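Encoded as structure tokens, the structure appears first; notes follow it.
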Amino acid sequence: MTPATLSPRRYRDLTILDLDEQRSLVIACDSAGAIGPKEADVVRVPGYVLGRFTARVALMEVLAIGAWPVCIVNTLCVEPEPAGAAIREGVADEMRVLGIDPEKALTGSSEKNVPTIQSGIGITVIGLATTAELLMGRLAAGDTLALLGRPKVGTEVFLDDPEIVDLKTVRLLLDQPGIREIVPAGSRGIMAEARDLAALYGLQINWGPGLTETALLKSAGPATCILAAGDRAALETAGRRAEKPFCLLGTLGPAASR
């Protein structure tokens, strides 16, 4: 295989490389700065929590399109000990939720040359997928758009919050026939993610009476909620099974002609 045969393509926030006609690599990343246990951090949380949530975002992105994570890269802007070790353990535990062994699939680096007074982390997840099974290019006018979880950010976010989604929520959605697209919502908010999704298909959203405009515009922080699209009955079934806040946002329809 030559470099010319690996032509990357973008889909939402993902980079996809087709290895051959059957297999694709899917790459996602996330970062966080000024969040952590250090003296100059704006949002003060344990390093372990920072590692869990930052890893969760990138893992969710890869899972949501139908790929399986095979390598996680943990790029730390803090010293190896003690801050780096705490963050790494958070990343490792988030991997373990999926049954992935961090001793085999986790790599990374940390700052060893200068002292740091503020936390910073980057996570890259590389996933492998069967190209034909990727959840992309499947929506059409008439499909329903739903939301699971609640948008939260900063000090509102904590690990055991039953109102936010997690990796188990994504896997539940993947197991529900009739759901054709899954989009973790992050810092840009629900409305921006929904409109971008509709635009990929040349469609628009006919909004229902779901969330208020304030909630639609609010940052969802580290992917605390998920947009899912497909058959209404399938979405409602998933909503009941997930035991997370759930609402129907509207339907996808033809874009208005100019």
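The values are calculated or read from the model by the stated rules, or taken from the named source; none is laboratory data. These numbers come from a predicted model, not from an experiment. Cβ placement follows ideal geometry from the backbone for every residue including glycine, while neighbour counts extend to all protein chains displayed. What goes into the accessible areas is simple: the full protein's heavy atoms, side chains included, and nothing from ligands, DNA or RNA. Shrake-Rupley method; radii C 1.70, N 1.55, O 1.52, S 1.80 Å.
Explain nothing, just the number: relative contact order of the chain, from Cα pairs under 8 Å at least 6 residues apart, as a whole percent.
Relative contact order of the chain: 22 percent.
Report, in degrees rounded to the nearest 10, the 0 to 90 angle that the Cα long axis of helix 190-200 makes with the longest principal axis of the chain.
60
Distance from a point 7 Å along Cα→Cβ of V42 to each backbone N in the range 173-205: keep the residues under 20 Å and list them by number.
186-190
Tell me which aspartates and glutamates have Cα within less than 20 Å of K218's Cα, excluding those fewer than 8 residues away on the same chain?
D13, D30, E61, E156, D161, E163, D166, E193, D196
Please turn the phi angles of the range 8-24 into ³J(HN,Hα) values with the Karplus equation 6.51 cos²θ - 1.76 cosθ + 1.60 (θ = phi - 60°), one per residue in order, whole Hz, x for glycine and proline.
Rounded to whole hertz, the list is x, 9, 9, 9, 6, 8, 9, 10, 10, 10, 7, 6, 7, 6, 10, 10, 9.
Could you give the length gained by full extension between L248 and S7, i.e. 0.36 nm per residue of separation minus their alpha carbon distance, to one decimal place?
Net length gain for the segment: 83.1 nm.
Give me the accessible area per residue for the range 104-258, probe 1.4 Å, as a whole number in Å².
Ligands and nucleic acids excluded, the result is 48 Å² per residue.
Students often forget the sequence filter, so: which lysines lie under 25 Å Cα-Cα from K104 once same-chain residues fewer than 8 apart are removed?
List returned: K112, K168.
Which net charge results when you count Lys and Arg as +1 and Asp and Glu as -1 among the other residues whose beta-carbon is under 11 Å from that of K112?
Local net charge: -3.
Under a plain spin-label model, where a point goes 7 Å from the Cα along Cα-to-Cβ, how far apart in nm are R195 and L19?
Distance between label points: 3.8 nm.
G208's amide H: which non-local residues (gap 5+, or another chain) put their own amide H closer than 5 Å, with H modeled 1.01 Å from N in plane and none for Pro or chain starts?
Residues meeting the criterion, in which the H sits 1.01 Å from N, are G250, T251.
With N set to the residue count of the chain, report its C-alpha Rg divided by 2.2 N^0.38 Å to two decimal places.
Compared with the compact-globule rule of thumb, the chain sits at 1.02.
Roughly how many nanometres apart are two label points built 7 Å out from the Cα toward the Cβ at T130 and R232?
3.2
How much of R150 can a 1.4 Å solvent probe reach, expressed as accessible area in Å² and rounded to 10?
90
Would you please classify the overall shape of the range 143-254 from the alpha carbon gyration tensor, given that a ≥ b ≥ c denote the square roots of the eigenvalues, rounded means a/c under 1.5, and beyond that prolate means a/b larger than b/c while oblate covers the rest?
The shape class here is oblate.
Round to the nearest 0.05 the FRET efficiency obtained for E213 and F158 when R0 = 25 Å and r is the Cβ-Cβ distance.
Here the calculated transfer efficiency is 0.45.
Round to the nearest 10 and give me the degree value, 0 to 90, for the angle of helix 47-64's Cα axis relative to the longest principal axis of the chain.
Tilt of helix 47-64: around 30 degrees.
Going highest first, how would you order 225-235, 132-142 by mean Cβ packing within 10 Å?
225-235, 132-142
Could you derive backbone 3J(HN,Hα) for the range 201-218 from the dihedral phi with the Karplus parameters 6.51, -1.76 and 1.60 (θ = phi - 60°), listing whole Hz in sequence and x where the residue is Gly or Pro?
So the Karplus estimates, Gly and Pro as x, are 9, x, 10, 10, 9, 8, 5, x, x, x, 7, 6, 4, 4, 5, 5, 8, 5 Hz.
Express in Å², to the nearest 10, the accessible area of R171 obtained by rolling a 1.4 Å probe over the protein heavy atoms while all chains stay in place.
100
Using a 1.4 Å probe, how large is the accessible area of T131, given in Å² and rounded to the nearest 10?
Here the accessible area works out near 40 Å².
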